[in-house]
Amino acid sequence: MTGSAHLTTARDGALDVRRLYEILEQRFNGTTWSLHELMIGFSNDVGYIGRLLLAHDGTWAIDGDADAELKHKLAEALWWVFVLADRLDIDIDRAFADTMSTIRTGLNETIARTDATNPSA
């Protein structure tokens, strides 16, 4: 399976889970979360990942297993990205591929330009 296929499978699974959340949001709140509410949820999880990294390094005490929580929250952060991209009608597969290509090109150019073994670089 190609990297893009993995991303597509992950995205599809994430959006299936989001649809289940929307059923419950509609039942309990009468509406689904807005883009801003989704972003707040994502931001909260990113902040918690920061605390989990401190716990992982031993500088922040938490109840439970920091490594297990990190796995969960990092996966959940990826879920949020898929959900936000979908809500914004962004083809995250294409955006990811394009972004990695751009970054890779820039890094390779900088590495070549700063190569100490090549004085003409």
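A residue that is touching a helix residue (DSSP H, G or I) at 6+ places or on another chain (Cβ under 8 Å) and of a type in the set (A, V, I, L, M, F, W, C) occurs nowhere in the stretch 101-120. So, in the stretch 31-61, of the ones that are closer than 19 Å to residue 19 by Cβ and of a type in the set (S, T, N, Q), which residue ends up farthest from the chain's Cα centre (by Cα)? Looking at the filtered set, the residue picked out is 31.
Bear in mind these aren't lab numbers, they're just calculated from the coordinates by the rules spelled out. What you see is a predicted model; the values in this text were computed from it and never measured. Here Cβ is always computed from backbone atoms with ideal geometry, including for glycine, and neighbour counts include all displayed protein chains.
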